[in-house]
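Down below is the structure, laid out as structure tokens.
The values are calculated or read from the model by the stated rules, or taken from the named source; none is laboratory data. Please read these numbers as outputs of a predicted model, since none were measured by experiment. Neighbour counts run over all protein chains shown; Cβ positions are idealised from the backbone, glycine included.
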């Protein structure tokens with residue numbers, strides 16, 4: 001028997017947080033939760049976090065790739081490549097990730113000639129922070145198909161299209177992927193996350209399975225890959241299929257109803273027939289369809305086609321339909337969305353990172369359109385299920401929960417209770433992790449995150465995860481959180 005002594009506990013929605021508490025743990029489960037008014041502690045316990053939308057292996061790979069986040073200008077990006085041109089840590093291809101030109105004073109991207117000039121003939125792939133745009137040099141261009149969609153050969157810039165094939169065309173070395181899995185597990189444990197719903201290719205799904213990670217995983221495969229090969233070895237273990245209806249706001253490839261500030265208008269990537277085919281494939285395989293849809297045009301398309309599909313099935317589906325991101329949902333609300341069918345998985349970290357006053361979204365879309373995205377309160381008040389995931393930007397919940405409770409539009413803010421629910425118990429339910437989906441109670445699996453303070457009285461930015469318990473065992477500990485009885 002082991003115990004946690006803490007100053008407070010959130011056990012689930014609809015109940016006020018407990019005060020000083022002693023939690024007894026035995027054989028991987030909660031044995032008893034006991035009031036202990038004599039305890040003096042700042043520690044606060046919540047159910048372990050569930051990341052309902054991430055790219056787990058890729059997030060681990062980011063820790064190995066060349067970090068481009070420090071680039072503050074086109075020259076700065078080129079200088080990083082020049083410094084790394086002889087490094088072997090990313091294998092034959094120099095791979096970098098994380099540049100964000102929206103934060104630069106000079107937002108021009110380096111030219112193809114400039115990138116070739118610093119890469120010394122080595123193949124180079126530099127991905128934008130959103131993952132929906134990349135810069136490549138001539139060594140990569142030489143190996144891409146002549147009709148590669150989304151590629152501008154004059155600049156080396158890729159938007160959508162072939163960007164999703166780069167992993168297959170230029171696969172990371174197996175040693176890098178194995179290390180990525182180990183790094184991702186450690187990163188999750190340090191963030192208080194014990195369960196992840198992750199988007200993977202056939203290749204990375206196999207690596208993840210073989211790594212036997214020390215946390216719960218539910219794998220969603222990319223629908224485009226499954227359409228090409230519906231007998232892939234990872235398919236029988238998958239829980240869903242992912243399809244992209246648009247891109248990202250940062251890359252100006254999200255199919256927004258509101259035009260971008262430069263007048264650009266973007267249409268959805270998929271046609272109505274292709275969305276219907278995706279729904280039919282998912283239903284035939286009994287897998288949950290996951291649709292990446294950020295902009296209002298993409299969301300309208302999904303709403304329209306999924307309504308027709310639902311009607312053709314007599315109003316009954318084998319699974320629900322997951323809508324990922326749904327940032328411009330207010331532009332097509334209420335539509336014909338069905339709370340019994342559509343589940344919304346959203347990213348509060350996008351709000352805290354890009355949607356606040358003067359941020360990227362306002363630069364791209366204008367102030368009013370930018371601040372009105374990610375309508376959390378609209379969905380909650382309409383009794384829709386909403387779960388949170390990080391999308392790895394960055395990985396972990398604390399970076400994003402402030403976006404839910406401090407949304408720039410006060411009418412869209414959630415309470416601390418609602419935000420925690422979306423990142424823990426409801427996320428577990430949406431992702432199929434039933435053993436950790438219920439409220440904290442005796443006999444429940446002991447998956448817990450220990451925070452440094454009380455989120456009801458302390459800003460999220462001042463909190464950290466100081467302990468993570470997975471199935472009753474400590475997997476991350478900055479201070480002692482479990483004591484032997």
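Against the definition (in a helix (DSSP H, G or I) and either modelled with pLDDT of 95 or more or buried (at least 24 other Cβ atoms within 10 Å of the Cβ) (or both)), how does residue 278 come out, yes or no?
yes
Residues checked against (1) in the same structural domain as residue 388 (by TED's automatic domain parsing); (2) crowded, with 23+ Cβ neighbours inside 10 Å:
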site: 165; (1), (2): no, no
site: 181; (1), (2): no, no
site: 188; (1), (2): no, yes
site: 195; (1), (2): no, yes
site: 220; (1), (2): no, yes
site: 224; (1), (2): no, no
site: 227; (1), (2): no, no
site: 247; (1), (2): yes, yes
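Could you check how many residues of the stretch 443-470 are out of contact with any helix residue (DSSP H, G or I) (no Cβ under 9 Å at 6 or more places or on another chain) and at pLDDT 95 or above?
Count: 11.
Considering every residue within the stretch 391-412, establish whether at least one is part of a helix (DSSP H, G or I) and not assigned by TED's automatic domain parsing to the domain that holds residue 294.
No, that holds for no residue.
Would you say residue 362 is touching a helix residue (DSSP H, G or I) at 6+ places or on another chain (Cβ under 8 Å) and free of Cβ contacts under 8 Å to residues at least 24 places away in the same chain?
Judged against the criteria, residue 362 is a match.
Any idea which of 115, 176, 135 is outside the structural domain of residue 349 (by TED's automatic domain parsing), in contact with a strand residue (DSSP E or B) (Cβ under 8 Å, 6 or more places away or on another chain), within 22 Å of residue 391 (Cα to Cα) and not in a loop (DSSP other than H, G, I, E, B)?
Going through 115, 176, 135 in turn, the sole match is 135.
Pick from the stretch 291-329 the residues that are assigned to a loop (DSSP other than H, G, I, E, B) and touching a strand residue (DSSP E or B) at 6+ places or on another chain (Cβ under 6 Å): which of them is surrounded by the most Cβ atoms within 10 Å (Cβ to Cβ)?
Applying the filter and picking the extreme gives 326.
Before we move on, is residue 83 surrounded by 14 or more Cβ atoms within 10 Å (Cβ to Cβ), out of contact with any helix residue (DSSP H, G or I) (no Cβ under 7 Å at 6 or more places or on another chain) and at negative phi?
no
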